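Structure, as structure tokens:
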Amino acid sequence: MNGYLTEAGAFLISIIFGFIILMVMLRFILQWARADFYNPISQFIVKITDPMLKPFRRIIPGFGGLDIAAIVLMLILKFVEILLIVAIGGQSLNLLVILIISATGLLSLFLYVFIFAIIIMAIASWIAPGNYNPVLNLIQQLIAPIMRPIQKRLKPVSGMDLSPLAALLILNLVVMAIPHLQKTLLQLVL
């Protein structure tokens, strides 16, 4: 029974923290991409994340157009999530190890947001090309900073836009490098 409670607790912690971190991550990306904040989805994200971000923004200023307060908040939330899961499991980890796992986990999430957004846009372009939808419009704005440089270099071939495939290939290669980066960083600390 204790094993079940440990797994259930870890699952609930992952779900709750994962949702909050994803919302803060989406807000960070939407700000970075200069997306429409009047979109209903953007408004939802802003209303959920504002109570958590406002105290951090009083202390931590932005830098170079990046919301550093959001990055710090995500890192703290991920750190606490991993710390709680490790504590529930009865294990102990070096705090620096947890920090490295947190940072690489956030980097993976950042890339997966773009991967899933590109897949959604590709499927939507097959199912309902040219139709307006506030969610798809926001996703289009979200992936624009990633897609623009690729689309400049990779022109459509016979009317087929291959830039989403190229973007997915590049993003997946970077995702594949993250465990190796994590392993290298952990070797430096341990």
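Here is a yes/no grid of residues against (1) of a type outside the set (Asp, Glu); (2) closer than 21 Å to Gly18 by Cα; (3) at pLDDT 95 or above:
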| site | (1), (2), (3) |
| --- | --- |
| Gly62 | yes, no, no |
| Leu66 | yes, no, no |
| Met74 | yes, yes, yes |
| Glu81 | no, yes, yes |
| Ile85 | yes, yes, no |
| Ser92 | yes, no, no |
**Message:** Pairs please, first residue from segment 37-54 and more than 23 Å from Gln140 (Cα to Cα), second anywhere and modelled with pLDDT under 95 and in a loop (DSSP other than H, G, I, E, B), Cβ atoms under 9 Å, 6+ apart in sequence or on different chains.
**Reply:** Leu53/Asp67
**Asked** How many residues are free of Cβ contacts under 8 Å to residues at least 60 places away in the same chain and of a type in the set (S, T, N, Q) when one looks only at segment 108-162?
**Response** 6
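Checking the conditions here, which among Val175, Val135 is at pLDDT below 90 and part of a helix (DSSP H, G or I)?
Numbers: Val175 fails: at pLDDT below 90.
From the options Val175, Val135, the qualifying one is Val135.
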**In segment 110-119, residue farthest from the chain's Cα centre (by Cα) [restricted to those that are hydrophobic (A, V, I, L, M, F, W, C) and surrounded by 15 or more Cβ atoms within 10 Å (Cβ to Cβ)]** = Ile118
**Request:** Can you work out which of the residues in segment 1-11 that are of a type outside the set (Gly, Ala, Ser) and assigned to a helix (DSSP H, G or I) is nearest to Gln141 (Cα to Cα)?
**Result:** Phe11
**Request:** Within segment 12-58, track down each residue that is under 19 Å from the mean Cα position of the chain (by Cα) and either exposed (fewer than 14 other Cβ atoms within 10 Å of the Cβ) or not in a helix (DSSP H, G or I) (or both).
**Result:** Ile15, Ile16, Phe19, Ala33, Arg34, Ala35, Asp36, Phe37, Gln43, Phe44, Lys47, Asp50
**Asked** If Val86 passes every condition in (1) among the β-branched types (Val, Ile, Thr); (2) surrounded by 16 or more Cβ atoms within 10 Å (Cβ to Cβ); (3) touching a residue at least 40 places away in the same chain (Cβ under 8 Å) but one, which one does it miss?
**Response** (3)
**Asked** Among the numbered criteria (1) among the aliphatic types (A, V, I, L, M); (2) outside any helix (DSSP H, G or I); (3) under 30 Å from Tyr4 (Cα atoms), which single criterion is violated by Leu77?
**Response** (2)
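Report yes if some residue within segment 94-109 is loosely packed, with under 13 Cβ neighbours inside 10 Å and of a type outside the set (S, T, N, Q); otherwise report no. Explain how you work it out, then say what you get.
In the first step, residues of segment 94-109 are kept if they are loosely packed, with under 13 Cβ neighbours inside 10 Å; the result is 94-95.
Remaining after also requiring of a type outside the set (S, T, N, Q): 95.
Among the residues of segment 94-109, at least one is loosely packed, with under 13 Cβ neighbours inside 10 Å and of a type outside the set (S, T, N, Q), which makes the answer yes.
If you take the residues in segment 24-55 that are aromatic (Phe, Trp, Tyr) and within 18 Å of Ile68 (Cα to Cα), which one is modelled with the lowest pLDDT? Lay out the reasoning, then the answer.
Within segment 24-55, the subset aromatic (Phe, Trp, Tyr) is 28, 32, 37-38, 44.
When the remaining residues are screened for being within 18 Å of Ile68 (Cα to Cα), the result is 28, 32.
Numbers: Phe28: 95, Trp32: 92.
Among them, the one singled out is Trp32.
The values are calculated or read from the model by the stated rules, or taken from the named source; none is laboratory data. Owing to the predicted nature of the structure, the values given are computational and were not obtained by experimental measurement. Methodologically, a virtual Cβ is constructed for each residue, glycine included, from the backbone with ideal geometry; neighbour enumeration extends over all protein chains shown.
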